[in-house]
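Have a look at the structure below, then the notes.
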Amino acid sequence: MSFLEKIARASGKLDARPADPWRKIIAEAVDDVDAMSSAALLNLVGARPSTGNARRLAAIMRDLKFIPIQSRRLMPGGSATRSPGGGHALSDRFQQLTRWKGNAMLAPSIHIGTSYPGHPDAPRKDWDSFSRQLSPYFSEAISREDIELPYWLLPLARGVILASPVLLGVTGYKKTRAIPHGWQKIRQDVYQLSVGKTRLRVRPTNDRRGWIISRWPPGISMHSDAESETLAHRFGATPLVTSDLNEALHLAYWFEVNHQGFNVHWVEVSPRCPIVLLAFAMQRANREGTKLSWNDLRVSNAHSRRMKRRQTNQRHAPLLPPVAVRLALQYLSPARWGTAPPTFH
């Protein structure tokens, strides 16, 4: 090779663009699959679903020999809809989800896949490995069967992680008993803060082993907890909780200002139809021989007031689980199908 050829080759290497950091993550994710939605891939790399990010993703997928398509049957996340959606070589394995007519579920089966938008199904062995090899920013991982979480809080999450003193120290937390300025106690053990048009809320878990952080972005009604967002680790959308109230108040405000960090970001706590994920989680627990506590038996504030004024006949009757939990249990009932209910996959 002549000297001029060596110069030309060296010049070409200098002019070449550096490898996209997304490529390695995406290549590993799609190594053994024949289809993946664009929304799921953007969620995997922690990017917003914007036009610029979609173009960047499309270039990587073309380089990996994937074909971009559009589908009027599938949303970008892979769920059934009449709206146009997009993905990369989406297959037919995402079949029709639940259809509603009153309170009856008409779909004969539900297929959600492991890439259901924002609610991944992490294998048990991966959760055990994650629990043993926690980052210094987290002190402990608690399995879902060992802590009583609300049914609407990321139903497919394997458990929760506790914030460690390292994470609190890095974010500037100073231990104190005083409630930070601006936080208002709206009812027992529930605190709320408004940051612009965003509303933050902190409340305990059902067994009071930890404190849950919630956020309602601008324009989202606070009528339902299922409409909120929470802080979760990128592995399996695992919720971040704290063991102390003031720690939760501090982290809620810190992550609202800084948005994300330490592999933790804001995620939606529940899809619009949580019955699908609740039934899947119940069936998964039965298959693995574990037990989940879905009996979130808290009554509404209005019903509590009626009970105190003795204006209801349900003062001493046992409280029923929420409607979503009852419908999920009804779906899994063998009496509904005559035999065993269909298997989720």
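Every number here is computed from the coordinates shown, using simple stated rules; none is lab data. Predicted, not measured: the structure shown is a model, and the values here were computed from it. Quick reminder, even Gly has a Cβ in these numbers, built from the backbone with ideal geometry, and neighbours come from all protein chains shown.
Computed log10 I(q)/I(0) for the stretch 138-259 at 0.13, 0.16, 0.18, 0.19 Å⁻¹: -0.48, -0.74, -0.96, -1.08, from the Debye equation with unit scatterers placed on every C-alpha and solvent omitted.
Semi-axes of the equivalent ellipsoid for the stretch 206-290, computed as √(5λ) from the eigenvalues of its C-alpha gyration tensor and ordered from largest down, come to 24, 17, 13 Å.
Relative protection proxy for 244-254, 184-194, 209-219, from highest mean packing down: 244-254, 209-219, 184-194 (other beta-carbon atoms within 10 angstrom). Ranking of 205, 238 by neighbouring Cβ atoms within 10 Å, starting from the fewest: 205, 238. The string of couplings for the stretch 45-59 from the Karplus curve (6.51, -1.76, 1.60, θ = phi - 60°) is 8, x, 10, 6, x, 9, 5, x, 5, 5, 5, 5, 5, 4, 5 Hz, one whole number per residue in order, with x for Gly and Pro.
Among residues other than residue 57 with Cβ under 12 Å from its Cβ, the summed charge is +3 (Lys and Arg +1, Asp and Glu -1). Working note: Karplus 6.51/-1.76/1.60 with θ = phi - 60° gives the stretch 180-196 the couplings x, 4, x, 6, 10, 8, 8, 6, 4, 6, 10, 10, 9, 9, 9, 10, x Hz, where Gly and Pro are set to x.
For a paramagnetic label modelled at 7 Å from the Cα of residue 190 toward its Cβ, which residues of the stretch 142-182 fall within the zone defined by backbone nitrogen distances under 15 Å? Label zone hits: 150-153. Coupling constants for the stretch 235-252 follow from the phi torsions by the Karplus curve (6.51 cos²θ - 1.76 cosθ + 1.60, θ = phi - 60°), and in residue order they are 6, x, 6, 7, x, 9, 10, 10, 8, 9, 4, 5, 5, 5, 4, 5, 5, 4 Hz; glycine and proline get x. The three principal axes of the Cα atoms in the stretch 174-216 give end-to-end lengths of 31, 24, 19 Å, sorted in falling order.
The ranking of 129, 139, 37, 221 from fewest to most other beta carbons within 10 Å of each one's beta carbon is 221, 129, 139, 37.
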